[in-house]
């Protein structure tokens, strides 16, 4: 099977989503629904390591007529190499074959050439206008986050989004994106300057800690694991090994029996220990700063 362009893949998927929003539940529409769900499920699996793309997929298919949501999906899935996936191509070709002609109008190609706007709809009709329409596009360059930095930001942003999930349990990526947009005054986190990567990562980690309590009732295991991570991250900065952490915990928590694993502690004890260690980390950082800024005699 030949290469299927990403634009065609996304347009076909969204055309099917739009059709199914209004389709009569007959055999034909059920066939489209089955093919659509198969293609969408495959994309979800392909995006499993890219929560931003997964979220964009849900947004776009919920409102397939939105060009902005489609553009966001195209942006977030750019690194997934969709147009070189033969299985995805097969699923989308099958879906396209099942779509009735009436659904084709959802998929449009817009071309702008010369000094005027030329709009081609479904490869047939042309409209020429002297009005020039400019649309903002998000095009990161060497000033912005690197690919590796974006992946790290997405990973921690996903953890924050999990904590901000609503009653339906779905991760709230939109809220995290708004946080980053407001904090760094950018239309997309992709445009955060790469020189501010550490600041962005630190900000997200703070939000992760601030919203940790949201996990307690919904996911107790993740709630405790988050404390383990905070405790050992602080210990590494203090230069402690595991044995030192256990001795410190035994002393600070006033335990009668020395512990050999943090799993022996309950959530309240873990929270207290994480707070005490973070306090020690802040003290160490402040000490380094004071030494570094002290003027020689």
Exercise. Is one or more of the residues making up segment 18-36 under 21 Å from the mean Cα position of the chain (by Cα) and either at pLDDT 90 or above or assigned by TED's automatic domain parsing to the domain that holds residue 98 (or both)?
Worked result: no
For this session: Scan segment 154-171 for residues that are under 23 Å from residue 73 (Cβ atoms) and either assigned to a helix (DSSP H, G or I) or in the same structural domain as residue 278 (by TED's automatic domain parsing) (or both) and report the count.
Result: 9
For this session: Look through segment 172-195, keep the residues that are in a loop (DSSP other than H, G, I, E, B) and closer than 21 Å to residue 78 by Cα, and return whichever of them is nearest to the chain's Cα centre (by Cα).
Result: 188
Exercise. What about residue 52, is it more than 27 Å from residue 157 (Cα to Cα) and in a helix (DSSP H, G or I)?
Worked result: no
Exercise. What number goes with the only condition from (1) modelled with pLDDT of 85 or more; (2) under 28 Å from residue 266 (Cβ atoms) that residue 212 does not pass?
Worked result: (1)
Problem set entry | Filter result for residue 198 (assigned to a helix (DSSP H, G or I), free of Cβ contacts under 8 Å to residues at least 40 places away in the same chain, under 23 Å from the mean Cα position of the chain (by Cα) and more than 19 Å from residue 276 (Cα to Cα)) | yes
Exercise. Would you pick out the residues in segment 202-224 that are part of a helix (DSSP H, G or I) and over 16 Å from residue 175 (Cα atoms)?
Worked result: 202, 213, 215, 216, 217, 218, 220, 221, 222, 223, 224
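The values are calculated or read from the model by the stated rules, or taken from the named source; none is laboratory data. Note that the structure is predicted; figures quoted are calculated from it, not measured. Heads up, the Cβs are rebuilt from the backbone with ideal geometry, glycines too, and the neighbour counts pull from every protein chain shown.
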